[in-house]
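Presented below is the structure to which this report refers.
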């Protein structure tokens with residue numbers, strides 16, 4: 001399989017001095033420029049995109065009094081009722097301590113309620129209340145509008161391809177304790193990535 005040319009991600013060996021702006025300060029490139037654009041590392045570009053999505057989501061949910069981590073918790077409890085706090089933390093990529101604070105605040109606001117586990121009484125299971133379901137519905141309307149913006153330039157086939165690619169990254173790399181993730185090249189043929197992959 002052909003790989004991208006090394007020049008796409010590897011920095012040039014001869015570096016130009018940053019061009020200062022009129023006042024002598026170095027101009028920071030905007031999104032889409034230089035290493036923040038097509039010449040950037042994929043991991044950096046994913047993180048940059050995530051930061052832009054999260055900021056936009058935070059702004060769109062602000063008047064509802066919901067943060068994007070709270071939205072993630074509500075979404076997962078709606079999809080998987082009865083999760084423990086530890087399960088929620090794993091699914092939302094938040095620390096258990098952060099999820100503990102979010103759960104306490106959502107419970108205080110009447111959006112979720114705790115039920116003891118039927119076999120293990122010390123495990124607390126969380127579910128949405130009707131108030132929580134209504135709040136999630138209001139949030140989802142705004143998040144769906146953002147999702148439509150994200151997929152704006154994609155047809156259904158391209159969007160499905162992007163979703164598969166993103167899910168595949170998580171499947172392949174998450175849980176790789178050794179730091180030497182397997183990258184699939186074709187059906188069932190794992191290979192080790194190069195240092196610049």
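Figures for the structure shown
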| read-out | value |
| --- | --- |
| Proxy reagent accessibility, fewest Cβ within 10 Å first, across 66, 143, 26 | 26, 143, 66 |
| FRET efficiency estimate (nearest 0.05) - Cβ-Cβ, residue 104 to residue 170, R0 41 angstrom | 0.90 |
| FRET E, pair residue 154, residue 78, Förster distance 22 Å, beta-carbon r, rounded to 0.05 | 0.25 |
| Gained length - residue 124 relative to residue 138, 0.36 nm times residue gap less alpha-carbon distance | 2.4 nm |
| Rounded if a/c under 1.5, otherwise prolate or oblate - the stretch 41-163, Cα gyration tensor axes | prolate |
| Estimated FRET transfer efficiency (residue 63, residue 41; beta-carbon r; R0 35 Å; 0.05) | 0.45 |
| Gained length - residue 145 relative to residue 48, 0.36 nm times residue gap less alpha-carbon distance | 32.9 nm |
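FYI, it's all coordinate maths here, none of it is from the lab. Worth saying up front: this structure is predicted, and the values here are computed from it rather than measured. Don't worry about glycine lacking a Cβ; one is built from the backbone with ideal geometry, like all the others, and counts go over all protein chains shown.
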